[in-house]
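The values are calculated or read from the model by the stated rules, or taken from the named source; none is laboratory data. Model, not experiment: these values are computed from the prediction. Virtual Cβ from ideal backbone geometry, glycine too; neighbours counted across all protein chains shown. Side chains are part of the model used for accessible areas, which takes the heavy atoms of the whole protein and leaves out ligands, DNA and RNA. Shrake-Rupley method; radii C 1.70, N 1.55, O 1.52, S 1.80 Å.
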Amino acid sequence: MVVLTKPAITHFPIVKNSFKSPSYINDIPVIDLSKANSKNLIVNACEEFGFFKVINHDVPMEFISKLESEAVKFFSSPLSEKLKAGPADPFGYGNKKIGQNGDIGWVEYILLSTNSEFNYQKFASVLGVNPENIRAAVNDYVSSVKKMSCEILEKLAEGLKIQPTNVLSKLLMDEKSDSVFRLNHYPPCPDIQEFNAKNLIGFGEHTDPQIMSILRSNNTSGLQILLKNGNWFSVPSDQNSFFVNVGDSLQVMTNGRFKSVKHRVLTNSVKSRLSMIYFGGPPLSEKIAPLPSLMEGKDSLYKEFTWFEYKKSAYKTRLADNRLVLFEKS
Ligand code: GA4
């Protein structure tokens, strides 16, 4: 078991009001990708929650297990070794510090660009293996998850009656797609005598800036999403499924019809949580604007901007900030 260096945990962000508020749902929508009606269910889930779970996804378990075991090996290495793969700038190994603007959480992670060689070398040097081993494990996983994301985006376009149906998926398929991959490790926080670790923030509330994010975790809970009624919903973990988040860019492309979902992760006092997330983004030069067929004569709610401009602005913000507000028309 890996435990992060013991910090003064009283300096960590916590959830102040942790009473269990009644929720109007028992579970989040589950989309069976093998079913013909999934396109409409995906649209409904994106409208209501900006979030859903995917089953029957065709991502080989072998790819997931391989990457998970590499991640476990990496996070089990001595801290002094892991630090050699850091600091996260934004890519590389990060420990407690998230982003560059003062956010912290009870988490350590590896952030990788899916397009750059450099990060794999740092990652591999800690494991004492050839960078190609790591690169291959990440590549197999990411290509397969990207394929699934494209299938979801195509079904989404069909459900929205948008032509051509690859209008969104082609952005992720583009060789210049600016996508990111993240491995998060949330060590258990056993120090609960003076502190209720259940309330400790692993990763603070935020929305994802990209088009769509695909998360898979081991069987440790912790992920919560913010519902429209203002309650946090604890998502039951399911290591055989994927969880999909609508990102800010998809919110803009649907002119606000879909909302990017606010989510966060709370630590567990007993079990480690390991998650892997693919953040599907467009090429840097891509204009992020509402899809014309969704406008029905309405005006865009957003100013014109490229993904490069949005990303640059997003990386200057704190996690909990509303990043889109700067791009809304007044
Ligand atoms: C949130 C989604 C992805 O994890 C991420 C994060 C990024 C980072 O960790 O460097 C950011 C965060 C994320 C949004 C606001 C900025 C940038 C941390 C942060 C405070 C990799 C991303 O693309 O945006």
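Observations, loosely collected:
- Net charge in the neighbourhood of Ser237 (other residues with Cβ under 12 Å of its Cβ; Lys, Arg +1, Asp, Glu -1) is +3.
- Positive-pole candidate from Ser260, Met276, Ser125, dipole of the chain, charges at beta carbon: Ser260
- Candidate cross-link partners of Lys66 among the aspartates and glutamates, defined by an alpha-carbon separation under 12 Å and a same-chain spacing of 8 or more, comprise Asp140.
- For the chain, carbon and sulfur atoms together expose 53% of the accessible surface, with a 1.4 angstrom probe and every protein chain in place.
- On a per residue basis, the range 113-252 carries 37 Å² of accessible surface, using protein heavy atoms and a 1.4 Å probe.
- To the nearest ten degrees, helix 38-48 and the longest principal axis of the Cα atoms of the chain are 70 degrees apart.
- Taking the Cα centre of the chain as reference, the dipole from Cβ charges on Lys and Arg (+1) and Asp and Glu (-1) amounts to some 580 debye.
- Once the 1.4 Å probe is applied to the protein heavy atoms, the range 45-97 comes out at 45 Å² accessible per residue.
- Taking chymotrypsin sites (Phe, Trp or Tyr not before Pro) as exposed when their DSSP state is a loop state and no more than 13 other Cβ atoms lie within 10 Å, the longest site-free interval of the chain runs over 25-314.
- Computed from Cα positions, the angle between helix 61-76 and the longest principal axis of the chain comes to roughly 40 degrees.
- Fraction of the pair-distance distribution of the range 65-170 above 23 Å, Cα-Cα pairs, percent: 41 percent
- Spin-label model, Ser80/Glu62: points 7 Å from Cα along the beta carbon direction are separated by 3.9 nm.
- Computed from the C-beta positions of Ser269 and Ile55 and an R0 of 35 Å, the FRET efficiency is 0.75 to the nearest 0.05.
- Probe 1.4 Å, accessible area per residue of the range 267-330, Å²: 55 Å²
- Residue-averaged 222 nm ellipticity for the chain, from DSSP H runs of 4+ at -39500 (n - 2.57), nearest 500: -8000 deg cm²/dmol
- The aspartates and glutamates within cross-link reach of Lys73, meaning a Cα-to-Cα straight distance under 15 Å and a gap of 8 or more places when in the same chain, are Glu81, Glu108.
- The modelled label-to-label distance for the pair Ser221/Ser143, using points 7 Å beyond Cα in the direction of Cβ, is 3.8 nm.
- Along principal axes, Cα extents of the chain, largest first, whole Å: 57, 47, 39
- Here the chain is scanned for GluC sites (Glu not before Pro) in DSSP loops (not H, G, I, E, B) that have at most 12 other Cβ atoms within 10 Å, and the longest stretch holding none of them is 1-116.
- Virtual spin-label span in nm between Lys298 and Arg318, 7 Å along Cα→Cβ: 3.2 nm
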